[in-house]
Structure formats: C-alpha cells, structure tokens
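Here is the structure we will look at, set down as structure tokens.
The values are calculated or read from the model by the stated rules, or taken from the named source; none is laboratory data. Just so we're clear, the structure is a prediction, and the values are computed from it rather than from any experiment. So basically every Cβ, Gly included, is an ideal-geometry build from the backbone, and we count neighbours across all protein chains shown.
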Amino acid sequence: MKTLITSSLLLLLAGSAWAKAPNILFILADDQSWSGTSVRMMPNEAGSASREFHTPNLEKLAAQGMTFAQAYAAHCKCECSRAAIQMGRSTSTLNATDKNARNWSAPVTDSLVNTLKKADGTYRAAHFGKWQWFHTPESMGYDASDGITMNEDGDATDPEDPKQSFGITQRAGAFMESQVKEGHPFFLQLSYYAVHQTPQALAATLKKYEGMADASKGGRGDRAVMAAMTEDLDTCVGAVLKKLDDLRIAENTIVIYTSDNGGRTSLLNGGKGDLGEGGIREPMIIRVPGIKGGVNCTTPVISYDLMATVLDFAAPGFVLPKGVEGGSWKPLLMSAGKAPVKRPIDRFVWHQAVEVEHPQSAIRRGDYKLLYFWDTKEGLLFDVVKDLGETHDLAKQSPDIAARLQEELKAHIRAGLGEEAFAALERGEFPQGRGPGKGKGPGGKKKAGKKMVK
C-alpha cells in the first residue's frame with residue numbers, strides 16, 4: 001500500500017511539473033547489441049556492457065536517468081523494427097514482418113507523429129538519418145527529414161563525417177534551435193547509421209584503438225573500427241545533449257536512447273536476424289526531468305511502447321488509434337521502476353520467417369519465452385529471467401505452459417498475417433522461397449552452454 005501511495009504521489013507531482021508540453025528526443029542506434037555500450041544494462045552482470053567500447057556520454061545519461069535490463073526491440077531486423085516503432089504495434093499485427101511488406105494493416109495517418117499532432121497541433125517533428133521504408137517521413141507527420149534513406153546512405157565519403165553521424169547531429173541542433181525560436185515543442189528522432197556495418201570512424205578516434213588485437217586486419221569485422229565508430233556515436237549523443245543545455249530546454253526534454261535490433265553478445269543466445277535474446281534484447285536509457293537518476297529497471301519493455309509513452313507525456317488522456325499494442329512507460333519512469341506498464345494485451349510477439357535458416361516466431365509472457373520453429377514444429381520454452389542465455393529448454397518439464405504459449409503465439413500470428421499466410425506457414429511454405437532448415441534444427445540435442453539459435 002505504501003508503494004502504491006508513493007507512486008501515485010510521484011505521478012501527481014510529475015503531472016504538475018510539466019508547465020508546458022515536453023520535447024521528446026528519441027535516439028535510435030543501428031544494430032547496437034545489448035552489451036554494445038560501456039553502460040551495464042544489468043548492474044550485477046559485467047557481460048551486459050562492453051569492456052572494449054567506451055561511451056562516457058551514455059554513462060552520464062544513465063547516471064541521470066533509468067537503464068532497462070529487459071528492453072526489447074519489436075523485431076530482430078532493422079526495417080520491421082522501425083515500422084513497429086512508428087506505428088505502435090507488433091510487426092505481425094502491423095503485417096510488416098519483412099522488408100518487402102507493403103500491405104500494412106494500419107494507415108500512416110495513425111503513426112506516432114501524426115497522432116501526436118492530432119493531440120497537440122503545436123508540436124513539430126523531424127527525423128534525421130536512416131529510414132528504409134517506402135512510406136515517406138512526411139506521410140508519417142515529420143516536418144523535416146532526410147527523406148527515404150537506406151543502409152548504404154550511411155557510408156560517407158567525407159572522412160570528417162563517418163557514417164554521417166556528425167552531419168545528423170548538426171541537423172538535429174539546427175532543428176532544435178528553430179523550434180525554440182518559434183516556440184514549438186518538438187519530437188525529434190535521430191536514427192543514426194552507426195553502428196551498422198561497414199564500420200567507419202574518425203581517424204583521431206581510431207588511433208585510440210590501435211592496440212586492439214585485430215586493429216590491423218581491416219574489413220567489415222574490425223573491432224578497432226567498431227570501437228571507434230561506437231565512440232564517435234557516443235560523442236554525437238553528447239553533443240546533442242549539450243545542445244539541450246545550451247538552449248536551456250533540458251529541463252523540459254525527455255531523452256530516450258535505444259537500438260533497432262540486437263547483435264551477438266557473450267551472454268545472450270543468438271544475434272541479429274533471429275529471435276534469440278541476442279537478436280531482440282536492446283540497450284535502453286531514458287532521462288526524464290525530475291526522475292531519480294542511476295536507477296535500473298527490470299520490468300520488460302518493448303520499442304513499440306514508444307507511441308503510448310510519448311502521448312502519455314505530451315497529451316495525457318488522449319485516445320490512441322485503434323489497434324495500438326504498446327503501453328506507456330510514464331508510470332514506470334515516475335515511480336523509479338515500480339509501477340507496471342499497462343498494455344491492451346500483456347505479451348510480446350516476434351515473427352521472423354525470412355533470411356534465417358529456421359523460420360521462427362517467439363512470444364514472451366511473464367518470465368517465460370517460447371521460441372517456435374515453423375519448419376521443425378519445435379517449441380522451446382525458457383525462463384529468460386533465470387536463464388539469460390536460453391540454455392535450458394523447459395518444454396518437457398512444463399508442457400502445459402509451452403502448449404498454452406504456443407497456442408497464444410499462433411493465434412496472434414494468424415490474426416496479424418491472415419488465414420492464407422498463416423496456413424502457408426503451417427504447411428511449411430515460407431516467404432521469398434525460404435524452406436525448412438537441414439536436419440533436426442535448433443531444438444536438437446546440444447552440449448550445455450552452446451547457442452541454440454543459429
């Protein structure tokens with residue numbers, strides 16, 4: 001009871017603190033793994049941060065805000081994850097489960113920014129950096145943008161602007177200056193191309209990492225260049241945060257930092273492109289004026305919660321478009337991680353049937369996650385709180401839980417993709433000519449400690 005009273009009081013005080021509509025700065029890294037920064041996403045787990053990569057500005061942001069131990073991307077690949085963020089729902093519900101999806105189930109008029117402007121017409125919005133979808137940023141409500149851009153657009157030829165990180169930062173600063181001058185609150189999304197392959201970095205930054213073991217190898221996987229690119233991205237984050245201070249708007253600006261999908265880590269199973277925790281668990285740091293800093297939150301959150309969160313801060317009580325699945329993080333943030341996130345349906349669902357050896361879907365409800373393979377018809381059950389690396393399949397130990405989650409997962413996929421596409425999955429007919437994998441698949445016997453998702 002005491003906790004509930006305290007949480008309610010904090011929310012009341014927070015509501016009165018916003019004298020005017022808050023600005024929202026959303027920073028989205030590209031392909032940054034859960035342990036891809038020097039900030040521990042789990043304070044007691046050294047492997048949840050990198051010892052090679054240095055991100056002092058993110059460390060400072062974490063000290064001022066909240067880090068999330070269980071933050072998830074909406075998908076394990078860039079395009080689909082970004083679509084879910086803009087539309088506030090899972091990729092299967094949106095019918096955007098691969099980069100060629102064109103028949104979305106929701107109109108772009110229901111996008112995050114379009115909805116924000118319906119709630120409060122004084123807002124202005126900008127998107128700088130990687131976009132990737134056929135819908136233009138303008139159709140989704142952005143007043144300024146770099147247009148439709150792809151991965152290759154981030155590979156800069158200017159040695160002073162590797163991955164275009166510094167150019168994006170400069171455009172962000174100019175946009176914020178303009179909005180402050182004109183008196184508009186803003187939503188600003190910075191979709192950096194870093195740290196996506198191929199790595200690029202400033203020569204001066206790279207020099208710091210010359211002693212790294214593979215610094216002389218060059219090529220796509222050079223850890224030295226990756227480390228330097230990560231530091232350059234962090235430098236840009238620091239520059240954007242400083243701009244908030246210089247413009248004297250930091251005390252009225254919410255800052256959210258995360259990535260679009262994951263990558264390989266020393267602790268998590270899988271990586272980009274599959275639905276092991278490595279592919280979907282993300283670094284996330286949020287700073288909100290007035291909240292306690294240095295707090296770590298263990299409540300699971302997902303990137304398509306962003307729409308509900310932004311609207312809850314900007315226009316409390318505004319009714320979200322029908323079909324939005326995300327829930328607001330505002331109560332969670334204002335209660336130091338104690339209040340729950342309320343969603344229409346309290347489950348996370350992912351679907352990945354292309355560009356992967358074994359077409360797969362996954363569902364998380366509570367501490368349990370079921371990873372289902374459509375080719376082998378296997379369902380692997382994990383307690384991802386106790387078993388971070390997904391090494392112990394509990395399906396035979398808890399068959400009722402596995403069966404219930406598999407039924408719920410399939411119902412969600414069927415409702416989102418439609419009967420025809422669902423029936424094709426059940427028959428083993430996969431998009432883009434993807435067939436079943438060879439042999440037993442990831443559910444077969446394995447040695448303890450080996451990764452189950454290939």
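Do you know which residues across region 285-299 are closer than 20 Å to ASP346 by Cα and in a strand (DSSP E or B)? I'd like the intermediate steps shown before the answer.
Of region 285-299, the ones closer than 20 Å to ASP346 by Cα are 297-299.
If the condition is that a residue be closer than 20 Å to ASP346 by Cα and in a strand (DSSP E or B), then CYS297 is the only one that fits.
For region 150-166, give me each residue that is touching an Asp or Glu at 6+ places or on another chain (Cβ under 9 Å) and over 12 Å from ASP232 (Cβ atoms).
Applying the first criterion (touching an Asp or Glu at 6+ places or on another chain (Cβ under 9 Å)) to region 150-166 yields 151, 153-154, 162-166.
Matches in region 150-166: ASN151, ASP153, GLY154.
This table checks each residue for (1) outside any helix (DSSP H, G or I); (2) on the phi > 0 side of the Ramachandran plot; (3) hydrophobic (A, V, I, L, M, F, W, C); (4) assigned by TED's automatic domain parsing to the domain that holds VAL324.
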site: ALA96; (1), (2), (3), (4): yes, no, yes, yes
site: ASN100; (1), (2), (3), (4): yes, no, no, yes
site: VAL113; (1), (2), (3), (4): no, no, yes, yes
site: LYS118; (1), (2), (3), (4): no, no, no, yes
site: GLY121; (1), (2), (3), (4): yes, no, no, yes
site: ALA125; (1), (2), (3), (4): yes, no, yes, yes
site: THR149; (1), (2), (3), (4): yes, no, no, yes
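May I ask you to say which residue of GLY129, GLY154, GLY141 is under 28 Å from GLY416 (Cα atoms), of a type outside the set (A, V, I, L, M, F, W, C) and surrounded by 21 or more Cβ atoms within 10 Å (Cβ to Cβ)?
GLY141
Only one of THR97, THR55 is of a type in the set (Ser, Thr, Tyr), farther than 22 Å from LEU188 by Cα and surrounded by 21 or more Cβ atoms within 10 Å (Cβ to Cβ). Can you tell me which? Spell out the reasoning first.
Details: THR55 fails: farther than 22 Å from LEU188 by Cα.
Checking each option against the conditions leaves just THR97.
May I ask you to list the residues in region 300-348 that are assigned to a loop (DSSP other than H, G, I, E, B), modelled with pLDDT of 95 or more and of a type in the set (A, V, I, L, M, F, W, C)?
Answer for region 300-348, where residues must be assigned to a loop (DSSP other than H, G, I, E, B), modelled with pLDDT of 95 or more and of a type in the set (A, V, I, L, M, F, W, C): ALA315, PHE318, VAL319, LEU320, VAL324, TRP329, ALA336, ALA339, VAL341.
What's the number of the only condition in (1) under 30 Å from GLU45 (Cα atoms); (2) modelled with pLDDT under 95 that VAL385 fails to meet?
(2)
I need a count of the residues in region 266-293 that are more than 30 Å from ALA21 (Cβ to Cβ), buried (at least 24 other Cβ atoms within 10 Å of the Cβ) and out of contact with any Leu (no Cβ under 8 Å at 6 or more places or on another chain).
To start, the set of residues in region 266-293 that are more than 30 Å from ALA21 (Cβ to Cβ) comprises 266-281.
Within this subset, residues satisfying the condition of being buried (at least 24 other Cβ atoms within 10 Å of the Cβ) are 268-270, 274-281.
Restricting the remaining residues to those that are out of contact with any Leu (no Cβ under 8 Å at 6 or more places or on another chain) gives 269-270, 274, 279-280.
Total satisfying the criteria: 5.
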